[in-house]
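Below is one structure, written out as structure tokens; comments come after it.
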Amino acid sequence: MEATTFVLFGATGDLAKRKIYPALYNLFLDHKLSKSFTIIGLGRREWSDEAFQAQVEQSLHTFSRRSADDSASIKAFIKAFRYSVMDVERIEDYHKLLQVVEQREQELHLPGNRMFYLSVGPEFFGKIAASIQESGLGSAKGWKRLIIEKPFGHDLKSAQELNQELGKAFKEEEIFRIDHYLGKPMVQKLDVLEQSNPALQDIWTNQYIANVQITASETVGVEERAGYYDHVGAIRDMFQNHMLQLLMTLGKNDGRISKRQVMESVEPLLKENVVNDVVRGQYTAGSIQGKPAAGYKDEPGIDPCSTNDTFVAVRLRIDDVFWRDIPIYIRTGKRMKEKSTRIVIEFKQPFKRSYSAQERTAPNLLIFEISPNEGVTLQINHKDLPNKGVTSTIPVDLHFNQSGEPEAYENLIYDALQGDPTFFAHWDEVELAWKWVQPILEAFEEDLVPLHHYPAGTYGPDASDLLLAEDGNHWWFDSKPVPLAQRIPREAYA
Ligand code: NAD
């Protein structure tokens, strides 16, 4: 790891405390940080270095995956932290920061590699990037890099504008856009699982795959983010970024995954056809794990007339030689029955006329559990001898020992420090994703898609089940899949 100055905007914020400091601390314990490493935290509060260090230490006690009780380690880690007051709107503060950075670089004989991490609202990204450039902070002797957090725009146009602003100060290869789903250990293992196992590689095509289902369900509601979420919805908050990035990682390639190629091949949607392939949902009152839960419109801070989506289910197809004609279903929502992120690949079944109804077997399923548990399961059929020898399914489970595994932010910060762009959202992918989603945003805006309601604590609206039933499919692992016989047109539910 090269010696680096890590400049953190938003050092007093929530993300810094919960994720960034614990990630840096665990990298430090794993000897993955350079010995000559300094972190300059920036915020509006008037803090001394000591007060800042005490805050960082406190956050480690609360949020680090490994104990922060070893005082020698903590002391050695904390001494790398300095604090500087900064109002991101004032150019004078950047000049002051430059002095602090240069002083630290001299003290520690650092080569002038500078990592700028913007853990602040996206409205500041353009201003900060321009001020880094203008103040001379960006013209170090070594490399400079920028880490930013979603959201990258709220539609295609705003994303393009933001990217143009960033592009004036940083080249694309210097920008690391965090999508923390790409940092999750299971997602990082997907391409090697596919590439290094011929048995998997060979069946990763439309010759064998019947459909793919990607689910990210949350049990939480909007919590403290009501004002933000009510203007964003599941489509922008989860689907355009995390869900489409998960889809992109499934791409089949000879070498490294090309997420862009996958996104380029997703068949486009026309605004007037969005209603056929997209289900928009919003939760009403219900119960989560036995406790009553309010409806979305009764949540504090939410417009009582809101038509915002707290759930979306989407059917799409990838038009390339491996994926053509495979329906891919993606859903995500709040206040659902369980918290789970998983990908299920359902395989085709050989059709034999001679099979009687009893002889028909369940399809093979390959399940990638991403969170909260992590694992790979292959569901196969077997002869159940104690049960009169009937054919039934059995899961072949591979569950990883997660105890020593780095968390998403550790993987991502480490990769950015190494300059490895693999598990970040690149501009071409982000732009393609916004282009693909734009007709959905417009169709929602113009009310061309009905808003289906679902009680809190369920798997989403019935229309989401019917979307799959139209193709003779159902969501796997919901406790109540809609029987295939019920192929009621979804419009009937609107
Ligand atoms: P936060 O509100 O807790 O912290 C924001 C930080 O920005 C604070 O340190 C604050 O002092 C600083 N700030 C605000 N205005 C400033 C100004 N004018 N000058 C200098 N500093 C200023 O927010 P957060 O939850 O830490 O999130 C930070 C960013 O990360 C946001 O863009 C958010 O959208 C994104 N994000 C957060 C999470 C999360 O889990 N918290 C997840 C994904 C993305």
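At a glance:
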| quantity | calculated |
| --- | --- |
| Residue ID - modelled with the lowest pLDDT, chosen from residues in the stretch 56-88 that are part of a helix (DSSP H, G or I), over 29 Å from Gly419 (Cβ atoms) and not aliphatic (A, V, I, L, M) | Ser71 |
| The stretch 86-106 residues that are in contact (Cβ under 8 Å) with a residue 40 or more places away in the chain and more than 25 Å from Ala3 (Cβ to Cβ), paired with ones that are part of a helix (DSSP H, G or I) and within 13 Å of the ligand (Cβ to nearest atom) (beta carbon under 8 Å, 6 or more apart) | Asp87/Asp93; Val88/Phe124; Val88/Lys127; Val88/Ile128; Val88/Ser131; Ile91/Ser131 |
| Matching residues, the stretch 455-494, being modelled with pLDDT under 90, small (Gly, Ala, Ser), closer than 24 Å to Gly286 by Cα and in a loop (DSSP other than H, G, I, E, B) | Ser479, Ala494 |
| Condition broken by Ser464, with the remaining ones in (1) hydroxyl-bearing (Ser, Thr, Tyr); (2) more than 19 Å from the chain's Cα centre (by Cα); (3) under 30 Å from Ser119 (Cα atoms) satisfied | (3) |
| Residue among Leu146, Leu182, Leu156, Leu200 that alone is among the hydrophobic types (A, V, I, L, M, F, W, C), away from the ligand (no atom under 14 Å from the Cβ) and within 20 Å of the chain's Cα centre (by Cα) | Leu156 |
| Lone unmet requirement of (1) part of a helix (DSSP H, G or I); (2) away from the ligand (no atom under 16 Å from the Cβ); (3) under 25 Å from Tyr181 (Cβ atoms) for Glu50 | (3) |
| One residue from Phe170, Phe176 being in contact (Cβ under 8 Å) with a residue 12 or more places away in the chain and within 16 Å of the ligand (Cβ to nearest atom) | Phe176 |
| Hey, Thr5 closer than 21 Å to Asp87 by Cβ, away from the ligand (no atom under 15 Å from the Cβ), polar (S, T, N, Q) and over 24 Å from the mean Cα position of the chain (by Cα) or not | yes |
| Breaking point among (1) loosely packed, with under 15 Cβ neighbours inside 10 Å; (2) away from the ligand (no atom under 16 Å from the Cβ); (3) within 33 Å of the chain's Cα centre (by Cα); (4) in contact (Cβ under 8 Å) with a residue 12 or more places away in the chain, for Phe77 | (1) |
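The values are calculated or read from the model by the stated rules, or taken from the named source; none is laboratory data. Just so it is clear, the structure is predicted and the values come from calculations on it, not from any experiment. Neighbour counts are summed over all protein chains in view; Cβ atoms, including those assigned to glycine, are modelled from backbone coordinates with ideal geometry.
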